[in-house]
Amino acid sequence: MKFELDISKTFNFINEKELTNLEPVIKVYHDFINSKQGVGNDFLGWSNLPVEYNEDEFERIKILADKIKNKCDVLVNIGIGGSYLGAKAAIELFSHSFFDLLKGDKKNGVKVIFAGNNMSSKYLSDLMDAIEDKDVCLNVISKSGTTTEPAIAFRILKDFIERKYGLQESKNRIFITTDKEKGTLKSLADKEGYETFVIPDDVGGRYSVLTAVGLLPMAASGIDITSVMEGARDAYDEFSKIYCEDSSLNICYKYAAVRNSLYRKGKLIEVLSNFEPSFQYFGEWWKQLFGESEGKDGKGIFPVSCNFSTDLHSMGQYIQDGLRNFFETFINVAKSEKIIEIGEIEGNIDGLNFLKGKNLHYVNSKAFLGTLYAHYKGNVPCIVLNMPEVSERAFGYLIYFFEKACAMSGFLLGVNPFDQPGVENYKNNMFSLLGKPGYAKLEFNE
Ligand code: PA5
């Protein structure tokens, strides 16, 4: 399984020397990551997860996932931000696109539904309507244990579960992933006797996919988490060295160096593009990872994502022809698991007989190449990450690739990639408006 990074279509905008100039700094930050020094050093636990993950907990996740699969129709996964996007990305990537319409014996794994990532009355009320007659378990994920959106959803859904199954049985249906000793969620879990999993102290929310945060919902949905960790381990091994055998930078640091060089040339936005609809939530996970890690101190590349070819009919015009202040990173998947061959029709009424015998993935791959070439010719710097296949192992690799690239990118930008001080501002205003004790009255005209 070999990932490749093609940066040749950025050389109209940056040159190799600019990348070489960053190498001494990359070496310093590489050592910081390895030796857990420097800014944000207490949040570098993610970097060793592929080789140091708690084996007992990993086994417990697999056992519980099997129990959930046998016991439930639906697992409601409560969490927000880093406490849900990784699992959501993986489940969208690997679940059948029309899981709900499949016959029972074709379904592998439980249906995972997400809650606690918004405060919509319609969403939560519709969710409770939909699961009323289903067998349900709840998985609550919050590192701090105090985040408002999941806390409110849990309060409501806990009541729902307890009314449905009674207090005793509910204890077998509620699982908690949180800090090992702090927070209200941990206290509640201890009091009620819920099964708990740990988010290590030194792993921040958006870097936590490869802990129980991501692994438990993934495993319950039928994803092979052993392969996910193996893929992450492949990436860990590859990026533990700064240089490849041919003495070029490893592709993870090369990506970080290219995006940093483009940013310095006024390319302030990065568009992550894919040609598979199942990647939509991968884009959401990636946006949070980079947006929350880099957007601070008045700096940072603004991350957006596009799903092609769908968005070529909505965003394509802007990308081709609009303001030239962005660059594009394509995830290009080499092969498709499913093959659909295009046939011939009599009279060639739709004019598509020239595609006879070709498969749909082949057509999609030409759509990718055509788009890449068009955007590049339209003066968009284009990076291509070639992904060999969509497999659990490749997913694990991709997660670790972007996590490490994000940490390096943040360091190159001169920010702490592991904090998120700005997220507190809306919460403080909201609590003030809600009259939470201890919050001063909010004056809009101040
Ligand atoms: O990356 C982060 O730290 C955040 O996005 C958090 O994951 C998010 O705010 C949820 O926090 P918590 O897990 O404490 O509920």
TODO: Go over the candidates ALA394, ALA407 one by one and state the one that is more than 27 Å from SER336 (Cα to Cα), open to solvent by less than 20 Å² (accessible area, probe 1.4 Å), in contact with a helix residue (DSSP H, G or I) (Cβ under 8 Å, 6 or more places away or on another chain) and at pLDDT 95 or above.
DONE: ALA407
TODO: Return yes when ASN108 is open to solvent by 30 Å² or more (accessible area, probe 1.4 Å), farther than 17 Å from ALA212 by Cα and either among the basic types (Lys, Arg) or in a helix (DSSP H, G or I) (or both) and no when it is not.
DONE: no
Task: Matching residues in region 74-105 - criterion: being away from the ligand (no atom under 16 Å from the Cβ), among the aliphatic types (A, V, I, L, M) and open to solvent by 20 Å² or more (accessible area, probe 1.4 Å) - done: LEU101, LEU102
Open item on the list: I'd like to check something: does region 292-303 contain any residue that is assigned to a helix (DSSP H, G or I), charged (D, E, K, R) and buried (at least 20 other Cβ atoms within 10 Å of the Cβ)?
Closed with: yes
TODO: Just name the residue that is least open to solvent (accessible area, probe 1.4 Å) out of those in region 165-184 that are out of contact with any Lys or Arg (no Cβ under 9 Å at 6 or more places or on another chain) and assigned to a helix (DSSP H, G or I).
DONE: GLY166
TODO: Taking LYS9 as meeting all but one of (1) over 24 Å from ASP201 (Cβ atoms); (2) open to solvent by 60 Å² or more (accessible area, probe 1.4 Å); (3) over 24 Å from the mean Cα position of the chain (by Cα), write down the number of the exception.
DONE: (2)
- [ ] Scan region 237-254 residue by residue and report those that are surrounded by fewer than 20 Cβ atoms within 10 Å (Cβ to Cβ) and among the aliphatic types (A, V, I, L, M).
- [x] ILE242
Task: Conditions (1) crowded, with 17+ Cβ neighbours inside 10 Å; (2) away from the ligand (no atom under 16 Å from the Cβ); (3) under 22 Å from the mean Cα position of the chain (by Cα); (4) not β-branched (Val, Ile, Thr); number of the one not met by CYS137 - done: (3)
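The values are calculated or read from the model by the stated rules, or taken from the named source; none is laboratory data. Treat the numbers as computed from the prediction; the structure is a model and nothing was measured. Cβ sites come from the backbone with ideal geometry, for glycine too, and all protein chains shown count toward neighbours. Heads up: the accessible areas ignore ligands, DNA and RNA and are worked out on the full protein's heavy atoms, side chains in. Shrake-Rupley method; radii C 1.70, N 1.55, O 1.52, S 1.80 Å.
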